[in-house]
1. As an exercise, use a Förster radius of 30 Å and the Cβ-Cβ distance of residue B:7 and residue B:83 to find the FRET efficiency, rounded to the nearest 0.05.
2. Using bins 20 angstrom wide from zero, how does P(r) for the protein assembly as shown break down, in % of all Cα pairs?
3. Report the residue, chosen from A:111, A:36, A:83, that carries the largest GNM mean-square fluctuation when chain A is represented by alpha-carbon nodes joined by springs under 10 Å.
4. If I build a Gaussian network model for chain B, linking alpha-carbon pairs within less than 10 angstrom, which residue out of B:124, B:139, B:93 has the largest mean-square fluctuation?
5. Give me the distance between the Cα centres of segment B:35-51 and segment B:70-102, rounded to whole Å.
6. How high is the relative contact order of chain A, in percent, with contacts defined as C-alpha pairs under 8 Å that are six or more residues apart?
7. Given label points at 7 Å from Cα along Cα→Cβ, what nm distances, shortest first, separate residue B:47 from the same residue in every other copy?
8. List the distances, in nm to one decimal, from the label point of residue A:70 to the label points of the same position in every other copy, shortest first, placing each label point 7 Å from Cα along the Cα-to-Cβ direction.
DNA sequence: AGGCTAGCTTCCGTATTTGAAGGGAGTCAA
DNA sequence: TTGACTCCCTTCAAATACGGAAGCTAGCCT
């Protein structure tokens, strides 16, 4: 199976991965959330080669994650900005950052500060319904009956 | 630049992406969070070719995201389970799922139910310090002075 | 006229991935 | 004890993607 076939997966995680789950798309998302908008700046900050960059930008436009916006008529110049669909990917990038800060050594070039409380922002996932913090153990995974048969579930217990 | 150079990036997002930010690693993480542990089951559920699968599992073991555990002596059989470092990637997978559920059409094979409140789990990101829900607009991005010079920040305002 | 910038595209050699096939170590049933 | 079967991979050839450098176009600027 190739990457593209993930689009037709029954799993929304797989479908998301097909759209934005590759190294360069994720790097570009980081960059967009940092405020970068232009081709040359994206190229310099991410070191993505122009060829790959132009392909990714095109794909992300088609997917509606970003959109092209002309910021100058003479000369005609475009910049790329996140759409709402794109901005909704913030939790993904944030989660990667939090994990890296926690588990990977290295400098921490970027800090997020919560405007309203003034503290350095440490993200916590909570349940919208009850507001409690949530970890994997707090949730039950329910697989729709119509999909259960498709999955190979062999595993040992314990 | 190649993917591997991301490891030495000043940005923890980039470092995370280098470790787990590729299609097949993300697919494997999804699968591990669904409880799959064995080579054959991982292969069948993700359609990752055995060659790539064995490479990714090896890499993820070396990174400490998963570990090999023998579940049978005769015949010798191993399974792969998430370490704490790996379980901490749950927010990443969860964020991808939430985004896919919101923005991509298709069946929703998996539902997460919050054990304690009984509701279908919709993740919200909150600030650990104050407990409030957070969106990108609520945080200020602070780039360490020693890194600011490295970045190309050209952009138009507005 | 000549040089500069932004935003790409083209080219080519290398690296990675896919897909199919194979292999080894062990169990099981006849 | 022979043959079939399972699990966990490994090997190989062909297709694909990527990296790095160069080039190209339109429109400044002097």
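1. The calculated FRET efficiency here is 0.95.
2. The percentages, shortest bin first, are 31, 59, 10, 0.
3. Comparing A:111, A:36, A:83 in a Gaussian network model of chain A, the most mobile one is A:111.
4. B:139
5. Between the Cα centres of segment B:35-51 and segment B:70-102 lies a distance of 12 Å.
6. Relative contact order, chain A: 12 percent.
7. Distances to the matching label points in the other copies: 3.3 nm.
8. Copy-to-copy label distances at residue A:70, shortest first: 6.9 nm.
Laboratory data are not the source of any read-out in this text; all were calculated from the coordinates shown. None of the values given here were measured: they were computed from a predicted structure. Cβ coordinates were reconstructed from backbone atoms using ideal geometry, including for glycine residues, and neighbour counts include every protein chain displayed.
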